[in-house]
Amino acid sequence: MSRKTDPVRAQNFSAVLQQVFAAPGSSRKEVADAIGVSAASVTSIAARLIDAGLIFEGEPVARGQGRPRVPLHVDTRSHLVMGIHLGPRVTGVVLTGLDGVSQASVLIPHSGMDVDQAFEVIVTGARDLMQQHAGGRRVLGTGVATGGIVDRQQGGSWTTPVLRGSMCRRCSCWPSSFRSRSSWITTPGRQRSPNCSTGTAEESDFVMLVNTSDLGAVLVSDGRIRAGRTQHAGNIAHLSVSDGRHPCPCGRNGCLQVMATDEATVRLAHEAGRDDVVHYGDIDRLYDAGDEQIRALVADRDRYVARAAATLVDLLDPGLLVIAGTPAERPETLAQVKRDVARFSLRGAEAAHRVVYSTDHALSLTLFAASIMVNEVLAHPLRFIEAMDLRTFAALG
């Protein structure tokens, strides 16, 4: 077996990079001690990672009579990754470094377009973003997030089968990694809570509840995303949130899907006789104009979301419950949502204290998509290094 395909070597590369990511500033000896690999092997691997622009050496730190300690850090400047969140009306595209921090982003509206038109607009926008902001840096790959359940082996969405073919025909970024908003695939990298309304404190144990045209929850335990055995962890569409007679396609009544999504809110407005509501944008417009009936509908929607949040807190006991999507677009409603969570949860006010809104709601799912590719690089750095070598060789040839 060649060195390039040696699984132990590939695993060691991943262990070194992940340790530097988890403990920035570690020396080679500290990395070796932490992962149980010889210092000589870590030195060799670190040199290769440095050459590839995945890590870099900091300034040596003197320590008494011995040799200076040379800290290692993940290189967030040499390469980029892209994240794309395919939304029903607006798609977000972001470029980040290997720290997952946004360096450039764009929101691309495509409401009313058919699939082919929407993808042309999205891919054009993504290419423009790269041309304007990459500055000659290589984009290592693209993480794509979408609604539905994603096939781990095939890389496509089961509920949107046109997705993968459409993306692969149009997007030249290599590689692409597909994930679902409602069922994210477990990867080795560490996940930290997105920016939220409580401040900048980081939390490695949280649930992100997403409510837009689609529903889903991202479950993160000890910094790792949990997808579940059949990739259905986080499928919250059929949580019961209403005692009313609102039938759901699943055969039950009052599910979150038929009570709280953007389309459900539009439908409920129609049932209330509001013919002036055609799509969710009309809900926003009328709400901002002070329409009391529409405001009451939105308050009901937030109450259903609070019921779901209370259930998740009771079941999963996360450090934070982060609400992203349409409800988070109105931060002034958080106080009422927290009061409703306290009313519905067995934990009362203690549960409400854990509930926050994502303050970066417009790009929170797009940043999660980028984190997918960050995790791929952390998990398989040797694969990316070899791909870079092949590209360089092809360019020279």
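The values are calculated or read from the model by the stated rules, or taken from the named source; none is laboratory data. Being a predicted model, the structure only gives us computed values, none of them experimental. All Cβ positions, even for glycine, are placed from backbone atoms using ideal geometry, and neighbour counts span all protein chains on display. Remember, those area values only see protein heavy atoms, side chains included, never the ligands or the DNA or RNA. Shrake-Rupley method; radii C 1.70, N 1.55, O 1.52, S 1.80 Å.
Go through the stretch 335-363 and give me each residue that's open to solvent by 10 Å² or more (accessible area, probe 1.4 Å), under 18 Å from residue 241 (Cα atoms) and touching a strand residue (DSSP E or B) at 6+ places or on another chain (Cβ under 7 Å).
Answer for the stretch 335-363, where residues must be open to solvent by 10 Å² or more (accessible area, probe 1.4 Å), under 18 Å from residue 241 (Cα atoms) and touching a strand residue (DSSP E or B) at 6+ places or on another chain (Cβ under 7 Å): just 338.
Quick check: is even one residue across the stretch 75-84 over 21 Å from residue 384 (Cβ atoms) and either touching a Pro at 6+ places or on another chain (Cβ under 8 Å) or touching a residue at least 60 places away in the same chain (Cβ under 8 Å) (or both)?
no
Quick one: what pairs do we get from the stretch 112-132, first residue under 15 Å from residue 142 (Cβ atoms), second buried (at least 18 other Cβ atoms within 10 Å of the Cβ) and at pLDDT below 90, C-beta under 6 Å, 6+ apart or different chains?
Every condition considered, the pairs that remain are 119/166; 123/171.
Of all residues in the stretch 215-248, which are without any contact (Cβ under 8 Å) to a residue 12 or more places away in the chain and over 19 Å from residue 344 (Cα atoms)?
Scanning the stretch 215-248 gives 229, 230, 245, 247, 248.
In the stretch 249-263, is there at least one residue being more than 29 Å from residue 347 (Cα to Cα) and part of a helix (DSSP H, G or I)?
yes
Which residue pairs have Cβ atoms under 8 Å apart, sit 6 or more places apart or on different chains, and have a first residue in the stretch 257-276 that is free of Cβ contacts under 8 Å to residues at least 24 places away in the same chain and closer than 26 Å to residue 235 by Cβ and a second that is among the hydroxyl-bearing types (Ser, Thr, Tyr) and buried (at least 19 other Cβ atoms within 10 Å of the Cβ)?
Note: pairs meeting the criteria are 266/280.
Within the stretch 270-289, is even one residue closer than 30 Å to residue 96 by Cα and either charged (D, E, K, R) or in contact with a strand residue (DSSP E or B) (Cβ under 9 Å, 6 or more places away or on another chain) (or both)?
Looking through the stretch 270-289, none of the residues is closer than 30 Å to residue 96 by Cα and either charged (D, E, K, R) or in contact with a strand residue (DSSP E or B) (Cβ under 9 Å, 6 or more places away or on another chain) (or both).
Considering only the stretch 118-128, state which residues are under 14 Å from residue 88 (Cβ atoms) and open to solvent by 80 Å² or more (accessible area, probe 1.4 Å).
Of everything in the stretch 118-128, nothing turns out to be under 14 Å from residue 88 (Cβ atoms) and open to solvent by 80 Å² or more (accessible area, probe 1.4 Å).
Between 245, 224, 192, 229, which is modelled with pLDDT under 90, touching a strand residue (DSSP E or B) at 6+ places or on another chain (Cβ under 7 Å) and open to solvent by 50 Å² or more (accessible area, probe 1.4 Å)?
The conditions single out 245.
Mind checking whether some residue in the stretch 271-286 is surrounded by fewer than 20 Cβ atoms within 10 Å (Cβ to Cβ), modelled with pLDDT under 95 and hydrophobic (A, V, I, L, M, F, W, C)?
Yes, the stretch 271-286 contains a residue that is surrounded by fewer than 20 Cβ atoms within 10 Å (Cβ to Cβ), modelled with pLDDT under 95 and hydrophobic (A, V, I, L, M, F, W, C).
Only one of 365, 321 is under 23 Å from residue 146 (Cα atoms), in contact with a Lys or Arg (Cβ under 7 Å, 6 or more places away or on another chain) and in a helix (DSSP H, G or I). Can you tell me which?
365
Only one of 229, 303, 245, 274 is part of a helix (DSSP H, G or I) and among the charged types (D, E, K, R). Can you tell me which?
Exactly one of 229, 303, 245, 274 is part of a helix (DSSP H, G or I) and among the charged types (D, E, K, R), namely 303.
Since residue 263 meets every condition but one in (1) within 19 Å of residue 328 (Cα to Cα); (2) under 17 Å from the mean Cα position of the chain (by Cα); (3) open to solvent by 40 Å² or more (accessible area, probe 1.4 Å), which condition does it not meet?
If we test residue 263 against (1) within 19 Å of residue 328 (Cα to Cα); (2) under 17 Å from the mean Cα position of the chain (by Cα); (3) open to solvent by 40 Å² or more (accessible area, probe 1.4 Å), just (2) comes out false.
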